[in-house]
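Quick one: the structure is below, and I'll ask about it shortly.
The values are calculated or read from the model by the stated rules, or taken from the named source; none is laboratory data. Here the structure is a predicted model, which is why all the values come from computation and not from measurement. In this analysis, Cβ positions are derived from the backbone assuming ideal geometry, glycine residues included, and neighbour counts consider all displayed protein chains. For the accessible areas, the whole protein counts, side chains as well, though only heavy atoms, and no ligand, DNA or RNA atoms are used. Shrake-Rupley method; radii C 1.70, N 1.55, O 1.52, S 1.80 Å.
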Amino acid sequence: MVLAQGYGLGCEGSNRAPVLTWSDVPAGTLSFLVTLYDKDAPTDVGFMHWVVANVPGNATGLSESELPSGALEPRTDMGRPGYVGICPPVGSTHAYLLTVKALNISHLPVDASTTPALAGFLAHEHVIGTATLRFNYGR
């Protein structure tokens, strides 16, 4: 993962999404929802850095440069689709949650304008497995 650049937050980096792989997928998985969330962001509700919906159920990960066919990136908390690199304020360390949810539905009714909260709400009743990587990062 690389720090966010160009958002007026004093960050440097090329804003590249992480490369992910996963295995041991629950039986019945038809798609995945991937999120990257900063629970310690200086807001009242944290900050969603990345949402990837409709990742096909036979996918084993995400590359840095290309989404699997059919997958899409709805809005982040920056208000636009795509990945927003991590960039906690100088002098602080934040806890980040990178989550992959296995879903029993092949397609969530989302598009590029869907908010992170709505994507999570639409996925909620279809989750059949979850894996979360928690990591800390500070500047």
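In Å, what Kirkwood hydrodynamic radius results for region 58-123 from the alpha-carbon pair distances?
13.9
Still on this model: With an 8 Å Cα cut-off and a minimum separation of 6 or more residues, compute the relative contact order for region 1-120 in percent.
That works out to 31 percent.
Kindly report the accessible area of the chain per residue (heavy atoms of protein chains, probe 1.4 Å, no ligands, DNA or RNA), in Å².
The answer is 52 Å² per residue.
Can I ask one more? Please identify, among Val51, Val34, Val25, the residue showing maximal mean-square fluctuation in a Gaussian network model of the chain using a 10 angstrom Cα cutoff.
Among Val51, Val34, Val25, the largest mean-square fluctuation in the Gaussian network model of the chain belongs to Val25.
Quick one: what do you get for region 1-102 if you divide its Cα Rg by 2.2 N^0.38 Å?
After normalising by residue count via 2.2 N^0.38 Å, the value is 1.11.
Of all accessible surface on the chain at a 1.4 Å probe, what whole percent is carbon and sulfur?
Here carbon and sulfur together make up 52 percent of the probe-accessible area.
Simple spin-label model, 7 Å along Cα-to-Cβ: Thr43 to Glu12 in nm?
Simple spin-label model gives 2.7 nm for this pair.
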